[in-house]
Amino acid sequence: NKTWPEIRDKLREWRKDHVRCSEKIVELGEYALAHYSSHLGNEKWAVYEQLCVAALDLCPGKMKVVNRCIQKLAEQFPSSLRVSMLEGLKSEYLKKWDDALEMYNSMIEYEPTFPAPYKRKVSIYKAQGKIPEAVSELNTYLDTFSCDHESWLELTDLYIGQQCYKQALFCVEELLLQHPHNHLFHQRYADILHTLGGKENLEASCKYYCKAAELNSSNVRALYGVLMSSSTLASIGKISAKVKSDHQTLAAWACDMIEEYYKAQRVDKSVIVETASVLDKLSLK
Amino acid sequence: MTTEVQLSLRAYAKILSHVVQYPYTAVNGVLLTVANDDDDDVEGNKDEDRRVDIVDAVPLFHYNISLTPMLTVALTQIEEYASNRSLKIAGYYHANEYCNDSEVGFVAARIADKIVENCDEGCMLIVNNELLNHL
């Protein structure tokens, strides 16, 4: 029930934003290729590639679609690296890890500047549960492709999953260097520092939570982070009255900001009351 | 003494909805049961078989689930929510990231310990990822 321009634009949008809504992509992609092949022109090859990846997500039911896409693309683009990638993905789905690794290694040898096979190797190691190998491979990749922020994020996640928080901090520092205005990265850095604990880390986490809140005042997690870190700092160790008072003022400011945020969302009154009680508890009053 | 855990349809549906909404990552959440007035009598019932009815589930995270600050905030919020509705925290659910992994991992065990230390009778549910293929 969509018009041709709507279908084309939707598929383009999903390609551009790398959206993983595989069922919709398969539905629209198959329809577009079946009914609008001439309208698509050369764009149809990009749609075949997009459809193939989405269909792999829905296998085993869509294996025929996968094979048809690979066949069409191979006919049009013989010895293409991108087509080889799709064959590698298919081997991964079939859990033929050695075949896939061999394919990716030969692609890397042939064209070391093509990033995709490195990342698929990391995915294979993850799927096999070989996290140390995945981390090692990803580190090797990032030595060369250090501007790939998605990979830094992936490495952060791998380290956090292994409770290697210091290494995770290093990864987020790289992200902060490349994207200093991204409030989520500041918040992530603060979350890891807070998890590590200890007075110095809490002080640092408080600063990063504040920065995140400054960059985006709707980041409620950052505000909660300010509240928690400053409340804890106000109550631990030997601190001067002034320092304690500063921490408490900051905590109170965070409470006010959170309450204002909830009121602005026009939530039920009971939620405001409950939130006030939660804030009291988190303020360690 | 054994404890039987009964999961309500509501809790079960919410857990599965959470898993299905984020199929590419681990997810976790908290389980709630009804708070009874005779909870203070736990000591007397220690030798009997018990049954815990999980009436609701509260989804927590689907990303970086082992970071502690937001977990603390969430648990405080859930405790407040529960106590205002005669409910209490009774356990923790966790679904691993990989479809062939239904083991109790280190992260799941650590979070479960933290949540369950404040419960009389806490339980941990791990979603059997392999069975999800049947959905």
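Just so you know, all these numbers are worked out from the coordinates, no wet-lab data involved. Predicted model, so just to flag it, every value in this text is computed and none were measured. When we count neighbours, we look across all protein chains shown, and the Cβ atoms used for this are built from the backbone with ideal geometry, even at glycine.
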Table column - 3J(HN,Hα) (Hz), the stretch A:117-125, Karplus curve with 6.51, -1.76, 1.60, x for Gly and Pro: x, 4, 5, 5, 4, 4, 5, 5, 4
Pairs from A:K90/A:K130; A:K44/A:K126; A:K166/B:K114; A:K16/A:K126; A:K2/A:K90 whose Cα-Cα separation, in the structure shown, is over 28 Å: A:K44/A:K126; A:K2/A:K90
With at most 14 neighbouring Cβ atoms within 10 Å, loop trypsin sites (Lys or Arg not before Pro) (DSSP) excluded, longest segment of chain B: B:86-135
Qualifying trypsin sites (Lys or Arg not before Pro) in the stretch A:1-87, DSSP loop, other Cβ atoms within 10 Å at most 15: A:K2, A:R20
Cα shape, the stretch A:156-212, gyration tensor, a/c 1.5 rule: oblate
The protein assembly as shown - mean residue ellipticity at 222 nm from DSSP helices (-39,500 (n - 2.57) per run, n ≥ 4, rounded to 500): -20500 deg cm²/dmol
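Take the alpha carbon atoms of chain A, find their radius of gyration, then divide it by 2.2 N^0.38 Å using N residues; give the quotient.
The value comes to 1.31.
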Magnitude of the charge dipole, chain B, Cβ model with Lys/Arg +1 and Asp/Glu -1, debye to 20: 740 debye
Global geometry of the stretch A:145-285, whether rounded, prolate or oblate, following the gyration tensor of its Cα atoms and the 1.5 cut on a/c: oblate
On Cα atoms only, tilt of A:22-35 relative to the major axis of chain A in degrees: 30 degrees
For residues of B:61-68, the mean tally of beta carbons on other chains within 10 Å: 5
Residue-averaged beta-carbon neighbours from other chains (10 angstrom radius) around A:220-232: 2
Exposed-loop-free span, longest in chain B, where GluC sites (Glu not before Pro) count as exposed if DSSP calls them loop and at most 13 other C-beta atoms lie within 10 Å: B:49-102
